Amino acid sequence: MSTLLAVNHLTMRFGGLTAIDDVSFAAKNEEITAIIGPNGAGKTTVFNCLTGFYKPTVGELLLHEGALTHRLERLEDFVVAQKARVARTFQNIRLFPAMSVLENLLVAQHNKLMLASGWTIKGLLGLHSYKKEETQAIELAKYWLDKTNLTKRANDNASDLPYGDQRRLEIARAMCTDPRMLCLDEPAAGMNPKESAELNSLLQFIQNEHKIGVLLIEHDMSVVMEISDHIIVLDYGRKIAEGSPEQVRNDPAVIRAYLGEDEDEELPPEVAADLQRETSHG
Amino acid sequence: MSVLNSEKLPPILKDSVITGLITLVLAVPIVGLPTINATEGLQIEPRWSVVIWMVSAVFLGRLVLNFWWHREQTSSSSTILLNTPFLQSLQQLLKFIIPIGVLFALILPTMPFASRYVMDVAILVITYIMLGWGLNIVVGLAGLLDLGYVAFYAIGAYSYALLANYFDWSFWICLPLAGVFAAISGILLGFPVLRLRGDYLAIVTLGFGEIIRVILLNWYEFTGGPDGISGIPRPSFFGLEFKRSSEGTFSSFFGLDYSSMHRIIFLYYLILALALLTNFITLRLRKLPVGRAWEALREDEIACRSLGINPTNTKLTAFAIGATFGGLAGSFFATRQGFISPESFTFIESAVILAIVVLGGMGSQIGVVLASVVLIGGTELFRELEEYRMLAFGALMVGIMVWKPRGLLAHREPTIRIKTEGSS
């Protein structure tokens, strides 16, 4: 599998606070790469740097597209989505609440439709070429509505959907931009086990059928351990471990980061057993 | 009201008595003891009967209100159940109201009651409807709070007045030019405020509106300053003027007797056509990607950026298109009045237009019509109240905001629907 994203020496400082300290990793095409770590480890900051919302203090972010390489740290946020085709979702869901589910998915196809509408002029005149393109856009929206199980709610306002549906709608909206890399910020937050399982199959479907790279921030280990091909662990802005789910699960540095430094340098047996059960269970 | 728990009666009575007592305390010095000018100086002439009337009116009023508030709870829940079908039938009704309204607007000048006064008010109301629709693009759809919209109205009006005075160009050439100038100024305003949102944007646009007015006021050589511009040419009907003359005028061409109403009716249809054009284009834009992007921008700008929408372009188009309609309305205003001065473009105009958009329900086209009729037509109705007119205006606005905090018609219909199985 070819490398899709290469993050080299990424550092992000906010005044005196170093949120990310010299983090390097790579994410491959057609793989799910998870970024995990305790709260405040800098996971979302990595995402914000990748999608252009923050300008990194130091470091380069390379997105490979065949022979072409996009330097994400130099692009403005909307250009990242437009040209490099990196789509993202947000930790606190950011839908267009007063617009219908279908409209949310059509807004995601804005650039394509804008071109087809001749920057509004053709569309204003009601030309056929625009109508055709719009029909195709609706078909794409219908496809993702079907995949995310939201077809029945297509005409309802996004704000009227239950929480789990809103999360899935955000993923569907990101996918409607036809991304090369999908960044998901805690997609399973607030979901029950059944919904998490559905999310797993949705993400695997995206990985297998659409052949794109998925970058995932998640706390829910049942999601992370099951579907990730590669896991990167951050703590206090530094990368402390990296590898397959199996490797990460047994890494002492990871266990320490999650459970805190023990005075005896050893985990109490019942906690270790719990952790073992928890992680292998997922 | 008949079903009332007996234990609720004492607190109700107590509350009403206290209200009555407060009224008594206030009314005795304020109403009860008026001073009159007598020959031997200022004297007090008590009017106890008025005080008694007031106190008993307040007491009884409070009693009735209390009974109303303490009705059985069941009745209030049943009204909620009634509400949904009621709202749905209202939606049904609206579908008929729009064509009927347009038809009524079209045949209004032929109505027997269409006097000069009625037509003037109708023209005024439709001008505000058009301005409301124009501002609705900026505020209602794109969610950019613009307190200086009157600036574009002024730019449109002065564009026409100056072009007509300096170059003697006809109204029909100046009208699109006024729109273009307003659009350019909209973009000029748009650039510095791109990063601003909400309150900050409102302050800057407020400043922009004032800047335009102050320039018009002080650039005496060019705009005539506070003297304004007079003798602005009236529009012609395809080259036929509305004058009392036997050659080349509207009345002579059609073999009609000259009447000053011809021009009024022509102006009425002109503004009606401009307003309907505004509405048509807005409704069309709403269903296009640019319109959806405006609404998306209003809902969540960060999400828009994450989807690759260029917020700069999107905001600038909203400003430019909104300003264009303001400019067109302004140029109509100039040709109708024949005289313009900076006095006509004060902040209160921006406030009224914004009030129309907000009271009508942000983003709602019919809401703007309703609010214009109520606010502009209403203030005309209350003209006989003289100084209390603004009081009625204010009370009306407060009332609408209390009972309909999201505007008269806050319902938003999706721009596109697809058939979904198992849903209505």
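Need one value for A:90-100: mean number of C-beta atoms belonging to other chains within 10 Å of its residues' C-beta atoms.
The mean count of partner-chain Cβ atoms within 10 Å per residue comes to 5.
Among DSSP bridges having both ends in the protein assembly as shown, what percentage is antiparallel? Round to the nearest 5.
65 percent
Quick one: if the Förster radius is 35 Å, what FRET efficiency do B:Ala57 and B:Glu387 give, using the C-beta to C-beta distance and rounding to 0.05?
E(calc), rounded to 0.05, equals 0.90.
As a test question: what accessible area, to the nearest 10 Å², does B:Leu370 have when a 1.4 Å probe is rolled over all protein chains in place?
Result for B:Leu370: roughly 80 Å² accessible.
Can you pull out the chymotrypsin sites (Phe, Trp or Tyr not before Pro) in the range B:105-152 that DSSP calls coil and that have at most 16 other Cβ atoms within 10 Å?
Qualifying residues, ordered by number: B:Phe113.
Where does each of A:220-226, B:396-402 land if you order them by average Cβ count within 10 Å, highest first?
A:220-226, B:396-402
Calculate what fraction, in whole %, of the accessible area of the range B:94-403 sits on carbon and sulfur atoms when a 1.4 Å probe is rolled over the protein chains.
On the range B:94-403, the fraction of accessible area on carbon and sulfur atoms equals 70 percent.
Please report the buried accessible area for the interface of A with B, total over both chains, probe 1.4 Å, in Å² to the nearest 100.
Looking at A and B, the buried total is near 3300 Å².
List the residues of the range A:117-136 whose accessible area drops by at least 40 Å² when all protein chains are present, compared with their chain alone, using a 1.4 Å probe and counting only protein heavy atoms.
For the range A:117-136, once contacts with the other chains are taken into account, A:Thr120, A:Leu124 lose 40 Å² or more.
Starting with the highest mean, order B:210-223, B:252-265 by the number of other Cβ atoms within 10 Å, averaged over the residues of each peptide.
B:210-223, B:252-265
Which value, in Å² and to the nearest 10, is the accessible area of B:Val102 when all protein chains are kept and the probe is 1.4 Å?
Number for this one is 60 Å².
Mind giving me the FRET efficiency for B:Arg47 and B:His411? R0 is 41 Å, r the Cβ-Cβ distance, nearest 0.05 is fine.
Rounded to the nearest 0.05, the efficiency is 0.20.
Given the range B:6-74, report the % of alpha carbon pairs whose separation exceeds 19 Å.
Looking at the range B:6-74, the distances longer than 19 Å represent 48 percent of pairs.
Sticking with the crude label model, points 7 Å out along Cα→Cβ, report the distance from B:Leu26 to A:Leu17 in nm, one decimal please.
With each label point 7 Å from Cα toward Cβ, the separation is 5.1 nm.
Please work out the Kirkwood hydrodynamic radius for chain A, using every pair of different C-alpha atoms, and report it in angstroms with one decimal place.
Every distinct Cα pair counted, the radius reaches 20.0 Å.
Starting from the exponent 0.38 and prefactor 2.2 Å, build the expected Rg for the range A:96-178 from its residue count and divide its actual Cα Rg by it.
1.11
May I have the pair-distance distribution P(r) for the range A:25-118, computed from all Cα-Cα distances with 10 Å bins from 0 and rounded to whole percent?
P(r) for the range A:25-118, in whole percents per bin: 13, 38, 35, 13, 1.
Roughly what % of Cα-Cα distances in the protein assembly as shown sit above 44 Å, to the whole percent?
Every Cα pair in the protein assembly as shown considered, those over 44 Å come to 44 percent.
Taking every eigenvalue of the Cα gyration tensor of chain B, multiplying by 5 and rooting it, what semi-axes result, largest first, whole Å?
45, 32, 24
Average partner chain C-beta neighbours within 10 Å, per residue of A:137-148?
Shielding by partners across A:137-148 averages 1.
Over the protein assembly as shown, give the accessible area per residue in Å² for a 1.4 Å probe, as an integer.
49 Å²
Given a cut-off of 18 Å, name the pairs among A:Lys122/B:Lys287; A:Lys83/A:Lys112; A:Lys112/B:Lys419; A:Lys43/A:Lys239; A:Lys43/A:Lys147; A:Lys152/A:Lys211 whose C-alpha atoms lie farther apart than that in the structure shown.
Going by Cα-Cα distance, A:Lys112/B:Lys419; A:Lys43/A:Lys147; A:Lys152/A:Lys211 fall outside the 18 Å limit.
Please report, as a whole percent, how much of the solvent-accessible surface of the range A:113-183 comes from carbon and sulfur atoms (probe radius 1.4 Å).
C and S atoms contribute 54 percent here.
Sort A:20-30, A:67-77, B:296-306 for me by packing, meaning the mean count of neighbouring Cβ atoms within 10 Å per residue, highest on top.
Output ranking for A:20-30, A:67-77, B:296-306: B:296-306, A:20-30, A:67-77.
Roughly how crowded by other chains is peptide B:314-321, in terms of the mean Cβ count from those chains within 10 Å of each of its Cβ atoms?
The per-residue average across the peptide is 1.
Per residue, how much space in cubic angstrom lies within the convex hull of the C-alpha atoms of the range B:172-330?
Expressed per residue, the convex hull around the Cα atoms of the range B:172-330 is 147 Å³.
Measure off, as a whole percent, the carbon and sulfur share of the 1.4 Å-probe accessible area of the range B:6-74, all protein chains present.
71 percent
Probe 1.4 Å, all protein chains in place: accessible area of B:Arg417 in Å², nearest 10?
About 130 Å², rounded to the nearest 10.
The values are calculated or read from the model by the stated rules, or taken from the named source; none is laboratory data. All values reported here derive from a predicted model rather than from experimental measurement. Quick reminder, even Gly has a Cβ in these numbers, built from the backbone with ideal geometry, and neighbours come from all protein chains shown. Heavy atoms of the whole protein, side chains included, go into the accessibility calculation; ligands, DNA and RNA do not. Shrake-Rupley method; radii C 1.70, N 1.55, O 1.52, S 1.80 Å.
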